[in-house]
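No lab work stands behind these numbers, since they all come straight from the coordinates. Everything numeric in this text was worked out from a predicted model, so none of it was measured. Because the Cβ atoms are built from the backbone with ideal geometry, glycine has one as well, and the counts that use them run over all protein chains shown.
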Amino acid sequence: MCGIAGIVALEDISARLVQSIRNLEYRGYDSCGIAMLNGSGKIKISKNIGSVEEVCEKENFGRLKGSVGIAHTRWATHGGVTKSNAHPHMSCDNGFSIAHNGIISNHEKLRTRLKNAGHRFRSTTDTEVIVHLVEDWHRKVKSVEKAFVAAMRELDGTYAVILVTGHEPDRIYCARNESPLLIGLGDYVNYIGSDLNAFIDHTKNAVFMEDKEYAIVTHDSCILKRISDGETMSRQVQELMWDSEMAQKGGFPHYMLKEIYEQPQVVHNALDIDPELVEGFARMALEKKTLHITGVGTTFYVSQIGQYYFSRYAGVTPMVISSDEFRFLAQVDKDTAIIAVSQSGETYDTLNALRYGKSHHATTGAIVNVMGSSMARMVDQMILQGSGPEICVISTKAALSQMIILARIAMAAGVMNGRITAKQARGYEAQLRELPAAIENVLNEKSGFIHTIAQQQSHIKHWLFLGRGRYYPVARESALKMKEVSYVHAEGMPSGFLKHGTIALIDENLNSVVFAPPEEEKELYKLTLSSAEEIRARDGYVLGLTFKQKKKEKLPFTEQIVLPKTPPFTAPFLQMVVAQLLSYFTATTLKRNIDRPRSLAKSVTVA
Ligand code: M6R
């Protein structure tokens with residue numbers, strides 16, 4: 001949700017600190033701020049509402065010089081988007097400053113107590129209680145470390161907290177509970193960040209903090225301790241696999257477009273994942289009586305497509321529950337396997353589903369993109385999808401990669417239980433290997449036409465995305481893309497569902513997109529076309545996503561985007577790329593904020 005950064009060095013860090021929150025901005029972008037310790041041990045704060053670029057200009061961040069500082073970019077949860085609610089927050093005596101990501105659930109109780117003890121609050125955030133709490137404890141125990149730990153022990157809820165203080169101006173204190181935080185180790189300079197983008201420009205060596213731990217970080221040391229008893233924790237330094245270039249726009253106008261165009265490579269990467277890892281997941285899926293696949297938002301739809309591939313190619317139909325609903329629906333015991341799907345590996349709802357599973361003795365696996373993320377570290381088996389940094393808040397390449405990985409696991413399971421032969425599996429894999437070239441072809445040959453359609457239809461306020469079978473989850477995912485990037489209402493549903501109510505909406509104000517399978521999927525093809533006919537019969541506009549036919553026949557579409565002949569195994573993936581472009585171009589026509597749509601955040605780490 002929010003992005004947190006901190007740097008402890010021996011020389012001026014102002015430019016680096018601003019760059020850190022620029023790199024983290026996709027986590028939240030309604031306001032931001034910096035707290036810097038100057039040489040005399042005084043904390044200077046600068047913050048305001050707006051993007052990092054806007055605030056940097058408004059507040060002239062560059063004037064805050066210092067060698068120890070913290071910074072924050074916010075996605076509001078408690079308290080509106082105002083300058084006073086922007087982080088960092090300051091204690092009454094200006095001796096402590098804090099930035100926070102997460103939600104403090106007992107903030108009201110703490111605030112009342114602190115107010116009664118004479119503390120003056122300047123914001124309406126839950127975060128501000130933390131800084132007053134540390135200050136309060138410090139008055140009593142006269143030690144920053146003891147005060148920090150005592151404060152952390154009083155907090156209920158989730159937090160990644162970072163603190164600077166004039167009492168010990170050479171260090172940063174930080175702590176985490178259920179919100180990500182890691183420490184980057186440099187040469188006489190150390191970094192703290194809510195994810196590796198905070199410091200990947202400077203170091204690839206990182207230490208991942210665990211829940212209920214705190215750290216004391218100076219320019220040349222990093223001590224990790226347990227909050228409960230102060231026990232020192234040892235942790236291996238890990239080498240990060242991404243580099244800063246991967247997180248640049250590389251000539252594209254938006255990260256979203258860049259990431260859409262990276263999909264051929266991302267598919268290659270997904271296909272290069274060690275078959276043993278894939279088989280490990282397949283084994284886990286088959287060994288247990290119940291298999292759940294879970295994710296939320298896009299990864300819920302990814303899970304759904306996994307469900308269809310499992311059903312068709314492995315003869316197993318997993319339960320797919322959106323992770324925010326998991327605890328209220330799933331039946332879990334030691335005979336259950338749970339596969340969680342998450343780009344960030346930090347999404348609160350999906351983490352919570354895994355925690356629930358683990359507490360009920362389930363075996364767990366996760367497909368994640370971010371190395372060292374909470375999910376990656378908590379599961380029994382993990383597949384790192386290797387899609388590279390996905391900076392746009394809208395997920396595109398990560399989702400496609402996850403779909404490919406789930407299709408591979410389903411195939412491996414199918415071979416293991418005899419549903420398909422090894423030869424058939426090799427055939428499907430060969431088709432997957434042709435997908436990158438097919439995507440490239442669509443990107444090169446169809447973008448212009450898709451752009452034109454998007455421009456011509458950009459006045460439309462309502463869209464229906466319709467598909468059957470494996471095309472249904474893709475239709476839902478495509479509707480989500482349209483909503484989140486263009487702010488245009490869109491619904492995805494099975495095309496067969498249409499006539500059971502939604503068809504009443506068909507008129508000139510509502511457009512439909514129909515995901516038609518290749519003609520060799522005979523039944524699916526016929527049924528999907530009949531839905532398109534139902535819409536056309538009511539004078540509705542239908543955009544058909546189709547594949548080249550053997551013989552030309554008149555199809556019931558107003559317009560169509562004809563894709564090259566594609567095997568059914570990979571056809572839904574190719575159509576998804578078309579739908580991504582349709583949403584992208586609709587959003588650019590409507591002049592939306594493509595990479596940072598309103599009200600969204602890349603990684604939703606709160607309940
Ligand atoms: O990081 P995750 O994949 O766990 O995130 C899950 C969802 O929050 C995410 O997919 C969200 O729906 C995106 N805005 C989709 O574009």
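Results, tabulated for the structure shown:
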| read-out | value |
| --- | --- |
| Loop sites in segment 558-607: trypsin sites (Lys or Arg not before Pro), DSSP, at most 12 other Cβ within 10 Å | LYS591, ARG598 |
| Computed helical MRE - 222 nm, the chain, DSSP H runs ≥ 4 contributing -39500 (n - 2.57), nearest 500 | -11500 deg cm²/dmol |
| Net charge contributed by nearby residues that have their C-beta within less than 14 Å of PHE148 (K/R +1, D/E -1) | +4 |
| In sequence order, calculated HN-Hα J values of segment 540-553 (Karplus, 6.51, -1.76, 1.60; Hz; x Gly/Pro) | x, 7, 10, 9, x, 9, 10, 10, 3, 9, 5, 10, 5, 10 |
| FRET efficiency, 1/(1 + (r/R0)^6) with R0 30 Å, evaluated for MET416 and GLU520 via beta carbons | 0.65 |
| Order of SER221, SER97, SER486 under a 10 Å beta carbon neighbour criterion, fewest first | SER221, SER486, SER97 |
| Modelled FRET efficiency - R0 56 Å, ILE503 with SER84, Cβ distances, 0.05 increments | 0.65 |
| Other-chain or far-sequence residues with amide H under 5 Å of PHE465's (modelled H) | GLU491, GLY492, MET493, VAL513 |
| Antiparallel bridge percentage (DSSP; both residues within the chain; nearest 5) | 60 percent |
| In order through segment 205-214: 3J(HN,Hα) via Karplus (6.51 cos²θ - 1.76 cosθ + 1.60), integer Hz, x for Gly, Pro | 9, 9, 10, 8, 7, 9, 4, 6, 10, 10 |
| Rg and Dmax [Cα atoms of the chain; Å; Rg one decimal, Dmax integer] | 25.4, 84 |
| Within segment 564-580, backbone nitrogen closer than 12 Å to the virtual label 7 Å beyond the Cα of GLN431 toward Cβ | 566-574 |
| Normalised contact order of the chain, rounded percent, pairs of Cα under 8 Å and 6 or more residues apart | 11 percent |
| Of LYS483/LYS526; LYS212/LYS397; LYS58/LYS212; LYS522/LYS602; LYS397/LYS551, pairs whose Cα-Cα distance is over 31 Å | LYS212/LYS397; LYS58/LYS212; LYS522/LYS602; LYS397/LYS551 |
| Loop-located GluC sites (Glu not before Pro) in segment 295-397 whose Cβ has at most 15 other Cβ within 10 Å (DSSP) | GLU325 |
| Where labels lie 7 Å past Cα in the beta-carbon direction, separation of GLU145 and GLU11 in nm | 3.0 nm |
| Fully extended contour minus Cα-Cα distance, from GLU287 to ASP201, at 0.36 nm per residue | 26.7 nm |
| Efficiency of FRET from Cβ geometry, PHE252 and GLN381, R₀ 30 Å, rounded to 0.05 | 0.30 |
| Charge dipole (the chain, unit charges on Cβ, about Cα centre) - positive-most of VAL141, HIS100, VAL578 | VAL578 |
| Inter-site label distance for ASN106 and TYR188 at 7 Å from Cα along Cβ, in nm | 4.4 nm |
| Among beta bridges that DSSP assigns inside segment 446-607, antiparallel share in %, nearest 5 | 0 percent |
